[in-house]
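Worksheet: one structure, shown below.
The values are calculated or read from the model by the stated rules, or taken from the named source; none is laboratory data. The model shown is predicted, which means the values in this text are computed figures rather than measured ones. For neighbour counting, all protein chains shown are included, and Cβ atoms are generated from backbone atoms with ideal geometry for every residue, glycine included.
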C-alpha cells in the first residue's frame, strides 16, 4: 500500500508501520532481545551455556545460587575467599538487563550534555546577578480563581483521597 502525504508524494507502507502501530516497537525489541539472549547462551558468552537462559539470581561455578556471604569477612570483601569460592556467573537475561541499564544511564548523561552543553557552559561560567529560582519559575497563574471553579476541582480529588 502506498500513502500520500504533505511531505512526500509517496511513502511506503513499511515506513509508516513503526509509528502507526504502538505494539510494533515493543515486539521488535522483545524479539531482538530474545535473539540476543539465545546467542549469549548458545555461544557461551559470559559462560552462560550451562545456566538457565532467564533467571533472577546469580550463580557460582557449580550452578548453585551464589552466596555472597562466602566472600565477605567482617562486612568487607575478601579477595582470597573470592578466589577460593567462585566467580559470579549471571544468566543471559540478567547480563542483558545489566548491560541495557548501564547503557541507558550513560546515554542519558551523554545526550543531556550533547544537546544542552552550550546552555550548561554558559550557566556555569556566567556570573548571575538575577535570582535563579525566579528566572526559571513558570509564569504566575491568576491570583484570583473563582471559588466555584476551585471547589469543582478540589472536591472530587479530596473525596477520592478520603474514600480510598
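Among 26, 10, which is the only one that is out of contact with any helix residue (DSSP H, G or I) (no Cβ under 6 Å at 6 or more places or on another chain), over 23 Å from residue 99 (Cα atoms) and either exposed (fewer than 10 other Cβ atoms within 10 Å of the Cβ) or at pLDDT below 90 (or both)?
Result of the check over 26, 10: 10.
Which fully enclosed helices (runs of 4 or more DSSP H) of segment 47-164 have 2 or more residues being modelled with pLDDT of 75 or more? Full working, then the answer.
Values: elements: 79-85, 92-125, 132-136, 147-163.
Because the criterion is at least 2 residues that are modelled with pLDDT of 75 or more, the helices (runs of 4 or more DSSP H) in segment 47-164 that meet it are 79-85, 92-125, 147-163.
Limited to segment 94-116, what total is found for residues that are over 13 Å from the mean Cα position of the chain (by Cα) and under 30 Å from residue 52 (Cβ atoms)?
Here is the first cut: in segment 94-116, the ones over 13 Å from the mean Cα position of the chain (by Cα) are 94-95, 110-116.
If we keep only those that are under 30 Å from residue 52 (Cβ atoms) as well, we get 94-95.
Within segment 94-116, residues that are over 13 Å from the mean Cα position of the chain (by Cα) and under 30 Å from residue 52 (Cβ atoms) number 2.
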